[in-house]
Amino acid sequence: DAKYARYVDSSNPEVIPYRRRWAATDYVFVVNDQREYGVYVGQHGLVMENGLPSETTLTLRRPGGAVYDLVAHRTVTATAAKGVLSFPAALGPCEGRVYMVTDRPLAAVRLTAPATVARGTAARCRVAVLDDRTQPLAAVVPLRVDFLDPAGRPAEFSGFYGAKDGQVEISFDLASNDTPGVWRLHVTELASGREADAYVRVSAGKP
């Protein structure tokens, strides 16, 4: 400690942090390793096999930023002072979390999709995660994307995506026998939980 200043630290040594980085965005992984002796092998005083809940304060050596819990999909209140950003964390037994820390706050999700697409072709959609200046967020933002037919069934390629530098383009290939009608494109960014919808009419074409 006298020789090395950690970039990310935990006030509770039983909560172990690890940082990854993309551009100016930090991703802080934490694992709660606080345990106690149980009644299986713990009765011999050799192994602590029972997990315990823990609380900690996480600190990063950066002057500020917006913090998001990527597991709970919500904004985390943080404070900045003297070049250090700090925020509290509470974890259940053996629980882990991931926090995304960005320079600018996330403000909106913009979704672009074609109004009409024919069966047997592809619906190409673009998702942009924007900061408070309406610019793409300088981060890799996790997304949940669902393309739902008129009966609410998800199409192929629905699933999880990463919006690199705040943007991603997704192509949904439509089969020639897919259900015609109005389809719903639903996107949730998994940092703050914001959602966006677009509607695409899938045409049947000539019989």
Check: Which of the residues belonging to the range 188-203 are under 22 Å from residue 118 (Cα atoms) and not hydroxyl-bearing (Ser, Thr, Tyr)?
Finding: 197, 198, 200, 201, 202
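Kindly check whether there is at least one residue in the range 9-22 that is at pLDDT 90 or above, touching a Lys or Arg at 6+ places or on another chain (Cβ under 7 Å) and either part of a strand (DSSP E or B) or of a type outside the set (D, E, K, R) (or both).
Looking through the range 9-22, none of the residues is at pLDDT 90 or above, touching a Lys or Arg at 6+ places or on another chain (Cβ under 7 Å) and either part of a strand (DSSP E or B) or of a type outside the set (D, E, K, R) (or both).
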Note to self: One residue is enough: does the range 96-110 have a residue meeting the conditions touching an Asp or Glu at 6+ places or on another chain (Cβ under 6 Å), basic (Lys, Arg) and surrounded by 15 or more Cβ atoms within 10 Å (Cβ to Cβ)?
What the structure shows: yes
Margin query: Quick check on my filter: what residues within the range 116-136 are touching a residue at least 60 places away in the same chain (Cβ under 8 Å) and either touching a Cys at 6+ places or on another chain (Cβ under 9 Å) or not in a strand (DSSP E or B) (or both)?
Written below: 119, 120
Check: What about residue 51, is it at pLDDT below 95 and either surrounded by 12 or more Cβ atoms within 10 Å (Cβ to Cβ) or among the aromatic types (Phe, Trp, Tyr) (or both)?
Finding: yes
Check: Out of the range 1-34, which residues are without any contact (Cβ under 8 Å) to a residue 40 or more places away in the chain and open to solvent by 90 Å² or more (accessible area, probe 1.4 Å)?
Finding: 1, 2, 3, 4, 13, 18, 20, 21
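The values are calculated or read from the model by the stated rules, or taken from the named source; none is laboratory data. None of the values given here were measured: they were computed from a predicted structure. Glycine also receives a Cβ, built like all others from the backbone with ideal geometry; neighbour counts cover every protein chain displayed. Side chains are part of the model used for accessible areas, which takes the heavy atoms of the whole protein and leaves out ligands, DNA and RNA. Shrake-Rupley method; radii C 1.70, N 1.55, O 1.52, S 1.80 Å.
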